[in-house]
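One structure below.
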Amino acid sequence: MRFNQFSYFPVSHSQALRELSQLGLKLVPEQSSKKQLEQFVRWSFFTYNNNNNNTDYALSTLAADRETDLLSFFQSDKELTADIFYTVVFQLLGFNFLIDFGDAEQFRKETGFPIIYGDLIENIYHLLNTRTKKGNTLIDQLVSDGLITEGNHYHYFNGKSLATFSSHDVIREVVYVESRVDTDEDGLPDLVKVSIIRPRYDGQIPAVMTASPYHQGTNDKASDKALYKMEGELEVKPPHTIELEEPKLNLVEPFGQAELVSEAEEKLTHINSSYTLNDYFLPRGFANLYVSGVGTKDSQGLMTNGDYQQIEAYKNVIDWLNGRCRAFTDHTRKRQVKADWSNGKVATTGISYLGTMSNGLATTGVDGLEVIIAEAGISSWYNYYRENGLVTSPGGYPGEDFDSLAELTYSRNLLAGDYLRANEAHQADLEKVKEQLDRKTGDYNQFWHDRNYLLNAHKVKAEVVFTHGSQDWNVKPLHVYQMFHALPDNIRKHLFFHHGAHVYMNNWQSIDFRESMNALLSKKLLGLDSGYKLPTVIWQDNTAPQTWQILDNFGKEDKLHTFSLGTEEKVIQNQYDQKDFERYGKTYQTFNTELYQGKANQITIDLPVSQDIHLNGRVELKLRVKSSTNKGLLSAQVLQLGQQKYLQPYPAVQSVRTIDNGRYHMLENLCELPFNPSPQRVITKGYLNLQNRTDLLRIEDIHPNEWMDFKLELQPTIYKLKEGDTLRLVLYTTDFEITIRDNTDYHLTIDLAQSTITIPS
């Protein structure tokens with residue numbers, strides 16, 4: 001257990017006393033530390049009515065040391081010591097004395113416990129903001145148990161809203177926002193369904209909004225049928241320079257007149273899946289909005305995955321919350337309803353496609369969007385389905401492309417009536433998509449240009465929070481790296497960079513992410529005047545379990561560490577015998593395993609690390625290569641080699657359903673990345689079509705057996721290497737998980753003497 005608390009900020013002595021008093025804990029500074037501790041402990045057992053006769057028993061169940069229970073200690077003349085203090089507070093945080101720990105001082109050091117024994121008022125205030133063994137902060141645990149009566153009013157502690165709103169008696173309603181796009185070209189603005197869950201409150205409240213095309217369901221069967229075979233020959237492309245036009249967005253005007261009514265008419269029943277971060281904010285006074293967007297079940301239009309038509313429709317929901325767009329009670333468009341409950345301030349939430357839509361929304365500069373929380377989001381769709389002139393697949397999903405994603409998310413076809421009315425138009429649109437996405441060349445083109453949010457990053461006005469994993473080979477780290485650096489200098493931006501895969505990190509044991517977002521949103525959306533500041537980069541240290549550090553930036557080149565790759569020429573054969581080719585194609589995990597074992601067609605170079613290096617940014621390969629033919633693809637991976645403990649990419653459950661998102665509301669598992677032995681750890685990787693070796697927009701010939709000099713930047717990351725570690729660089733052609741599977745008979749020759757790898761730190 002670690003107690004790194006990025007959500008906590010110290011306050012003045014007087015403010016701490018004031019906030020504690022508002023909780024019903026009225027400490028007297030003149031009293032002894034022992035008396036203050038006793039008062040606090042008895043107060044924390046409020047379920048016993050805080051009566052001494054009742055709380056005596058509760059105190060007797062705790063220990064002050066190995067010989068004395070806590071009640072006996074308070075009744076004795078013994079002085080309070082640091083060791084007794086820590087022994088008591090660890091028990092209050094849910095740790096079992098003589099089971100989880102025996103020596104409080106040793107446990108304090110092992111866990112990095114942040115509270116330094118001294119001023120008891122400061123200590124108690126800090127303790128309430130400290131995470132328990134179950135994953136909640138102590139104050140959240142007490143509030144969940146009923147410390148403050150549910151009254152649908154805001155209560156704050158250390159700059160964070162407490163769970164004092166009822167999550168069981170909420171307003172659940174549906175409205176249909178009139179967008180400014182007509183994706184199906186039927187002459188009417190597309191309607192977008194908005195599912196709303198909001199606490200009852202006599203006033204205006206902010207909203208957390210999740211833009212998710214998955215929310216209304218997915219068409220998995222249609223998507224599976226649209227998957228491509230990855231086997232095929234790498235295309236030889238004629239040399240040329242790609243030309244592009246500035247993306248355009250055609251907007252439509254509102255249509256017709258509608259009667260204004262006071263409230264929505266459709267009740268929200270079951271939803272596919274709520275987002276647990278939204279669940280957390282609901283009882284803290286934030287409305288939850290779930291929007292699937294155009295081309296989804298109960299909405300209108302076509303699925304335009306990723307373009308600014310899709311983004312505009314989500315934006316229009318924020319416009320409605322601010323009185324700039326209409327929403328209707330139903331599809332008749334006869335009655336409109338206003339969001340008079342909204343204060344106009346919005347934060348977006350969600351991972352993957354959901355985080356992608358957050359990125360896109362931010363680049364519209366829409367007024368009212370105060371914060372985006374973009375977890376593992378795409379910044380340019382080309383870099384999701386393509387890489388450096390190659391057709392690629394997102395990690396773990398070989399054969400997926402934009403059209404299969406469109407089939408997956410076009411949930412209108414889940415309704416038989418909509419299928420009959422609109423499937424023909426959907427299929428016609430899909431044919432256009434198939435043509436435009438260009439699986440033949442893998443080149444960047446106008447289709448991808450229209451889905452590149454980096455072009456509009458200068459318009460971002462919202463505060464930005466990213467989360468991303470170094471082992472995310474689905475939405476690769478390049479997405480967050482490019483977005484992070486494309487933002488205007490005046491924008492407050494933050495990154496939680498972990499060492500997991502494409503995973504949710506909101507319920508991890510080692511990081512108080514939820515609480516950090518609470519502090520930020522309470523400040524930005526509720527207008528709470530707090531001194532809270534979130535660091536720019538919060539990075540998970542790969543050298544130890546449950547350890548996080550603060551960095552100033554993502555990407556540094558203060559120092560460059562360059563390694564020569566060798567002194568000779570080495571060859572990579574592209575072609576496998578048919579048996580191995582089929583075996584790797586059937587199960588790409590087998591290929592990955594054998595690649596790391598040096599059993600594939602590859603060049604393997606081991607490089608000893610002679611000094612500590614804190615990698616931060618993009619590893620660069622400078623290579624001299626020739627191909628035996630007029631084409632070639634190059635794949636590269638950098639590993640840390642050696643049997644030792646590494647952070648594993650997928651979180652493991654630490655305790656089941658112990659994190660309370662309100663008051664026994666939407667309980668979820670407490671998780672953490674395991675720190676377990678492995679023979680190696682992937683640090684970074686990258687892929688390149690050798691015809692795109694100079695520039696993404698420039699396609700060049702490859703002349704057989706002629707040397708080519710070029711640079712290949714690998715995926716950005718943050719990673720610590722220690723003196724004595726071994727780096728392994730693996731160079732190969734086909735990657736059976738990611739790239740086209742070309743089994744033609746050619747080879748690449750690498751001049752290692754003229755090739756280097758450079759690591760920035």
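For the stretch 198-232, the residues whose backbone nitrogen is under 19 Å from a point 7 Å from the Cα of LYS586, taken along Cα to Cβ, are 229-232.
Output the peptides 746-755, 227-236, 315-324 sorted from most to least packed, where packing is the average of other Cβ atoms within 10 Å over each peptide's residues.
Taking the mean over residues of other Cβ atoms within 10 Å, the ranking is 315-324, 746-755, 227-236.
Counted over the chain, the DSSP beta bridges are approximately 75% antiparallel. When the charge dipole of the stretch 13-130 is built from unit charges on Cβ atoms (+1 for Lys and Arg, -1 for Asp and Glu) and taken about the Cα centre, the candidate among GLN22, ALA104, THR47 whose Cα reaches farthest toward its positive end is GLN22.
Taking one quarter of the surface of the C-alpha convex hull of the stretch 13-130 gives a mean projected area of 7.1 nm².
Overall form of the stretch 564-626: prolate. Here a/c, set by the Cα gyration tensor axes a ≥ b ≥ c, is 1.5 or more, and a/b is the larger of a/b and b/c.
Take 660-672, 361-373 and order them by the average number of nearby Cβ atoms within 10 Å per residue, most first; the result is 361-373, 660-672. Across the stretch 604-614, coupling constants 3J(HN,Hα) worked out from phi with the 6.51/-1.76/1.60 Karplus curve, θ = phi - 60°, read 10, 10, 9, 10, x, 9, 9, 8, 5, 10, 9 Hz, and Gly and Pro carry x. Working from label points 7 Å from Cα in the Cα-to-Cβ sense, the PHE46 to GLN75 distance is 2.7 nm.
For LEU268, nonlocal amide neighbours, meaning residues 5 or more places apart or on other chains whose placed amide H falls under 5 Å from its own, are ARG172, GLU173, VAL174.
The number of Lys pairs in the stretch 13-130 with C-alpha atoms less than 20 Å apart, excluding pairs fewer than 8 positions apart on the same chain, is 4. Output the pairs from LYS685/LYS720; LYS432/LYS459; LYS345/LYS459; LYS586/LYS685 with a Cα-Cα distance over 20 Å in this structure; if there are none, say none. Among LYS685/LYS720; LYS432/LYS459; LYS345/LYS459; LYS586/LYS685, the Cα-Cα distance tops 20 Å for LYS432/LYS459; LYS586/LYS685. Distance between the 7 Å Cα→Cβ label points at LYS225 and HIS458: 4.5 nm.
Can you list the lysines whose alpha carbon is less than 18 Å from that of LYS237, not counting same-chain residues fewer than 8 positions off? Within the straight-line cut-off, LYS237 pairs with LYS440, LYS626, LYS631. Between ALA600, LEU560, ALA519, the Cα set farthest toward the positive side of the dipole of the stretch 511-622 (charges on each charged residue's Cβ, about the Cα centre) is that of ALA519. Hey, got the dipole for the stretch 13-130? About the Cα centre, +1 on K and R Cβ, -1 on D and E Cβ, debye to the nearest 20? The calculation lands at about 360 debye. Here the extension length gained between ASN676 and ASP695 equals 2.8 nm, from 0.36 nm per residue of separation less the Cα-Cα distance. The simple spin-label model puts a point 7 Å past each Cα toward its Cβ; for HIS168 and ARG421 those points are separated by 4.0 nm. Dipole magnitude for the chain: about 820 debye, using +1 per Lys or Arg Cβ and -1 per Asp or Glu Cβ, origin at the Cα centre. Note on ASN630/ASP83: beta-carbon distance plugged into 1/(1 + (r/R0)^6) with R0 of 60 Å gives a FRET efficiency of 0.20. For GLU400, the residues whose modelled amide H falls within less than 5 Å of its own, excluding neighbours fewer than 5 places apart on the same chain, are TYR228.
Across the stretch 451-459, rounded Karplus estimates of 3J(HN,Hα) from the backbone phi angles (6.51 cos²θ - 1.76 cosθ + 1.60, θ = phi - 60°) give 10, 10, 6, 5, 4, 10, 4, 5, 8 Hz, Gly and Pro being marked x. When the chain is described by a simple charge dipole with +1 on each Lys and Arg Cβ and -1 on each Asp and Glu Cβ, the residue from PRO545, ILE759, ALA58 located farthest towards its positive end is ALA58. If each Cα of the stretch 235-353 is one equal point scatterer, what is log10 of I(q)/I(0) from the Debye formula at q = 0.20 Å⁻¹? Each listed q corresponds, in turn, to -1.46. Residue by residue, the stretch 438-447 carries 3J(HN,Hα) couplings of 6, 7, 6, 9, x, 7, 5, 8, 5, 4 Hz when phi is fed to the Karplus relation 6.51 cos²θ - 1.76 cosθ + 1.60 (θ = phi - 60°); x denotes Gly or Pro.
Taken along its three principal axes, the alpha carbon spread of the chain comes to 89, 73, 45 Å, from the longest extent down to the shortest.
Laboratory data are not the source of any read-out in this text; all were calculated from the coordinates shown. Since the structure is predicted, the reported quantities are computational estimates derived from the model, not experimental observations. Cβ: placed from backbone, ideal geometry, glycine included. Neighbour counts: every protein chain shown.
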